[in-house]
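Here is the structure we will look at.
The values are calculated or read from the model by the stated rules, or taken from the named source; none is laboratory data. It should be emphasised that the depicted structure is a prediction, and the values quoted were computed from it without experimental measurement. With ideal geometry, Cβ positions are generated from the backbone for all residues, glycine too; neighbour counts draw on all protein chains shown.
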Amino acid sequence: MAVASQNSAWTAQAVDGPDSFAVTLSDKQRDAIVVAARRMAARGMTIADLWGRDIGLPELRGTMRKIIREVTQESGLVVLKGMPVEELNEEETALAWHLTTAPLGRLRSQSGWGELMGRVEYVDDGRDWRGYTKTKELNFHTDHADTVALLCVRQGPAGGASRLVSQGALREIIAEENPEALALLNRGFPYAWFEEGPPDASGPVSDFNVPVLVEHKGRVQGVFIQSFMLAAAQAIERVLTKDEIAAIELVSQVANRPGIALEFRMEPGHALIFDNLSMMHARTAFERSDNPSESRLLYRLWYATQPPRPRQPGIAQYEDALMRAYKDPSLAG
């Protein structure tokens, strides 16, 4: 375990690159993952078949306990190395990734179609608001889970660097430089639902504010998707004030300052496990390949911590509404 545990309010200039957060699987652990994934794939099992089952591998138990502590109580980030993607096909790799990360919590749906595994790759489907299926740069944002587990299966010809920033660090900087802006961010903004509003939605946007950079139970957390906030204001014909716009833009401006965000390019078999409540992530643009075997592919899993972690009420309300829209399996019956 090479992770240097630290407060969640870290900056890139204060750490020694991604190796500061690295955990490397042993050969024994890799072998156990391969055997289990192949066995389940041979039986025709999918991730959906494993939902709600205790599938944690005993060989990984101690390592996962340390990873969970680092993600939920310390720095918020682990860079996992050594996933045996070169020994498995795509279906086996998907099972392997869930088998490895299952102790993180309960798997969550990722869209209105109820998908449990997100394939982060280029897809020409016309849904530009689902940026992870495009080659363009992705600005800093959060997903819709407590914990995100992102595995690099294949990397593209160029680009596609991952970027991560601590909300705790952003809060400290903004609190010192512009406390008025921080107050607006803590108050929060409505969010657009786009095509994925919950069944009980009263309109095209949330009827409550969703905060960012808010301190809750001793840890800074928040939801931040800038385009969703701006689209919500447009949908309800609300004119944001200059101060509100400046506060929203300030988050990205600070995150993009040199030395604040960690940036590096994952290689096949490397993965990110991070606290989505207390961190934001982004991605640089990447080049496509006409060869499917060389096209960029990452597998993304979302987890809800069990037992549940403290969430600020506005954040909990937003994420729970999306899970109703996403047909989360925990809501069945």
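The table that follows gives values for the structure above.
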quantity: Per-region count, segment 240-272, residues closer than 20 Å to Phe140 by Cβ and assigned to a helix (DSSP H, G or I); calculated: 12
quantity: Members of segment 272-290 that are modelled with pLDDT of 95 or more and of a type in the set (Ser, Thr, Tyr); calculated: Ser278
quantity: Sole exception among (1) under 30 Å from Glu263 (Cβ atoms); (2) in a loop (DSSP other than H, G, I, E, B); (3) not charged (D, E, K, R) for Gly52, by number; calculated: (1)
quantity: Sole residue being closer than 16 Å to Ile273 by Cβ, modelled with pLDDT of 95 or more, hydrophobic (A, V, I, L, M, F, W, C) and outside any loop (DSSP other than H, G, I, E, B), chosen from Met64, Met83, Met40; calculated: Met64
quantity: Residue in segment 170-191 that is within 18 Å of the chain's Cα centre (by Cα), more than 19 Å from Ala233 (Cα to Cα), crowded, with 17+ Cβ neighbours inside 10 Å and not hydroxyl-bearing (Ser, Thr, Tyr) present; calculated: yes
quantity: Leading residue by the ranking (surrounded by the fewest Cβ atoms within 10 Å (Cβ to Cβ)) among those in segment 282-308 that are under 16 Å from the mean Cα position of the chain (by Cα) and either in a loop (DSSP other than H, G, I, E, B) or small (Gly, Ala, Ser) (or both); calculated: Thr284
quantity: Qualifying position, being free of Cβ contacts under 8 Å to residues at least 60 places away in the same chain, closer than 28 Å to Arg265 by Cβ and among the charged types (D, E, K, R), among Glu92, Glu70, Glu59; calculated: Glu92
quantity: Count of residues meeting criterion [over 25 Å from Phe286 (Cα atoms) and either in contact with a Pro (Cβ under 9 Å, 6 or more places away or on another chain) or touching a residue at least 60 places away in the same chain (Cβ under 8 Å) (or both)] in segment 146-176; calculated: 9
quantity: Leading residue by the ranking (farthest from the chain's Cα centre (by Cα)) among those in segment 218-239 that are within 20 Å of Ile174 (Cα to Cα) and either among the aromatic types (Phe, Trp, Tyr) or part of a loop (DSSP other than H, G, I, E, B) (or both); calculated: Gly218
quantity: Counted residues, segment 226-263 - those being aromatic (Phe, Trp, Tyr) and closer than 24 Å to Gln13 by Cα; calculated: 0
quantity: Filtered residues of segment 311-333 (kept if modelled with pLDDT of 95 or more and either closer than 24 Å to Glu90 by Cα or not in a helix (DSSP H, G or I) (or both)); calculated: Arg311, Gln312
quantity: Hits in segment 246-266 - residues which are touching a residue at least 24 places away in the same chain (Cβ under 8 Å), out of contact with any helix residue (DSSP H, G or I) (no Cβ under 9 Å at 6 or more places or on another chain) and more than 14 Å from Gly17 (Cβ to Cβ); calculated: Asn256
